[in-house]
Structure formats: structure tokens, C-alpha cells
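Step one of this worksheet: look at the structure below.
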Amino acid sequence: MIEVIKTAHIGFCFGVNRAVSKVLKAAEERKETVHTLGPLLHNPQMVEILRQKGVEPIDDVFAMDKGVVAFRSHGIMKKEEEHIKARGLPSIDATCPFVKRVRKYALYLKKHGYKVVIAGDERHPEVRSVLSYLDNDGMVLDNSFSIEAKKIGVVSQTTLDQETFSEVVSSLARSAGELRVYNTICESTKVRRAEALELAGRVEMMLVVGGKNSSNTTKLFRTVKAVQPLAYHIETEDELRPEWFAGIRKVGIAGGTSTPEAIIDRVARRVKNF
Ligand code: F3S
């Protein structure tokens, strides 16, 4: 039988767990659909389960003039929040407190005259949300860059890897008169990455389980693949192919912060049965 080893931290992170609990509780208590601005989490299977329980993603809050709205763990755009307040729509704030911390530091830096840099991916909803609260008066960087500004303040996307963050910060240090840095990478991301890396070094194959649209799962997969070239990114056990496992005796499994533990357990069971 193939030995399967999972990383210690698996299943939803604190912020995703909190968001899922909040919206499910609201949908049950209010007996009406709760609308999330975009999918609540980057995991298509879980989004479908939530849909069946009365949690429905929407793209455009501006078309809404009634119904309950939930802010997802990545946060919300400032204009969306203003619209929700102006319309008096009932809302559930499921923004992860660690994401709010990024926003808090970014606003603090702006208020104190720093040119604000968010180290991260400009397309990621969390980064777009933080930028919107800065009234788009900030820069997003994911590699070395030089800025001519006396005072530069840096925060990071919560799911950024430490290497990219360090690269951005050290490049800015060359030109900044004053550089203030808040490392706001979330502990959950760091721990999962470290555990996955350690595990990848002592197994013959790694499986990284999570949404293909999940930024943290995709980054986790890239990290793992650099150490263990025999690695696959899958969303569910149905993507596993028996031929992958010919001659393999030890498989490691890691998961993204929005991957339900139940899916990981199903993957582990399927692998053991090959
Ligand atoms: Fe929050 Fe960190 Fe998860 S920022 S949503 S606890 S990955």
C-alpha cells in the first residue's frame, strides 16, 4: 500500500473557516440567500456546496437594491462598501482580520506621508481591495523596482511568499530616503509553505490540493515543485491517474488555505487504494 503523509496544517485557515461559518450561520438564521461579492473562497467544489446551502456569489453589487451581502475573506472594494451602506443593505463582514490589518497599516502609512507600496499581485482581490481604500494612491509590486520618493512604506499581500517580499523591500531600500516596512504575510501561509517544503523533501511525489483559481494553492504548488519535480496540483480525487503512482511508495499531500479537509481526506483514501 502507498504511504500517504499529510502536512500538519490542512483544511481551512482561520480566516476562511471564520468566513464560511459566518455566512452559513447568516443563511440559516435569516432563511434567505446570502450574496457574496465574488466566490466566498477560491475552491469551486466548496462554492457549489455553499450554493446548495443558500450562499450565492454575485459579480455586481451595484445592481442590488435588496438582499443580504457578505464581504468575503479577501475584503471588498471601497466603492462597493459605500454602495452597500448607502442602500442600507444588510451585510455580513467576513473579511479576514489579517487582511484588515494590511489595510490598516497601508492607511496609516498614507496618512503619515509615505508612498505606499503593496508587495503582491495586482490582480488579487485582496490587493485590489486594499488599493481601493487608498483611493488607488499606491503601487503594487511583485519584483525589484526603484522609486524616487523620500518616504516609502511597504505592506504585503497576506499570501505572498517571503522571497518576493524581501526582493521588493531590498530593491526599494536602495532608493528610499526612509523606508518603513510592515511584513503582513499571514502566519498560516508561512507555516503551510514551510511544512509543504519539508514534506516535499522526504517523499517520492507531492500532491497539492486546492482550487486552480486559488492564488495561495498555486504558489504552494510552485514552491513544492521546485523541491519535488514529481508534483501535481489537483482540485479533487477524480483527477488522480493510477499510472502516476507506478513504483511510488510514499506520497505527500499539502492543501491550500481554502481547501476543505474532506476533499484532502478523499484524495488520501484514493491514493492509498491505488
Ligand atoms: Fe486570513 Fe491568512 Fe487565511 S490572511 S484568510 S488566515 S491565509
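Read the figures in this text as sums done on the coordinates, not as results from a lab. What you see is a predicted model; the values in this text were computed from it and never measured. Cβ atoms come from the backbone with ideal geometry, glycine included; neighbour counts cover every protein chain shown.
Some notes on this structure:
- Theoretical FRET efficiency, 1/(1+(r/R0)^6), r = Cβ-Cβ of residue 170 and residue 202, R0 25 Å, to 0.05: 0.20
- Peptide packing for 20-26, 210-216 was compared via the average number of neighbouring C-beta atoms within 10 Å per residue; ordered from the highest value, the list is 210-216, 20-26.
- Rounded, prolate or oblate (a/c below 1.5 giving rounded, otherwise prolate when a/b exceeds b/c) for the chain by Cα gyration tensor: oblate
- For residue 2, neighbours were defined as the other residues whose beta-carbon sits under 14 Å from its Cβ, and their charges (Lys and Arg +1, Asp and Glu -1) total +3.
- Listed peptides 245-253, 126-134, 75-83 appear in the order 126-134, 75-83, 245-253 once ranked by packing, highest mean of other Cβ atoms within 10 Å at the front.
- With the highest mean first, a sort of the peptides 171-179, 9-17 on other beta-carbon atoms found within 10 angstrom per residue produces 9-17, 171-179.
- Among the listed pairs 79/212; 219/272; 22/53; 53/78; 6/53, those with a Cα-Cα distance over 21 Å are 79/212; 219/272; 53/78; 6/53.
- Within the shell of other residues whose beta carbon sits under 9 angstrom from the beta carbon of residue 119, the net charge comes to -2, with Lys and Arg scored +1 and Asp and Glu -1.
- Rounded to the nearest 500, the 222 nm mean residue ellipticity of the chain from helices alone is -13000 deg cm²/dmol, with -39,500 (n - 2.57) taken per DSSP H run of at least 4 residues.
- Positive minus negative residues near residue 267 (Lys, Arg vs Asp, Glu; Cβ under 13 Å): 0
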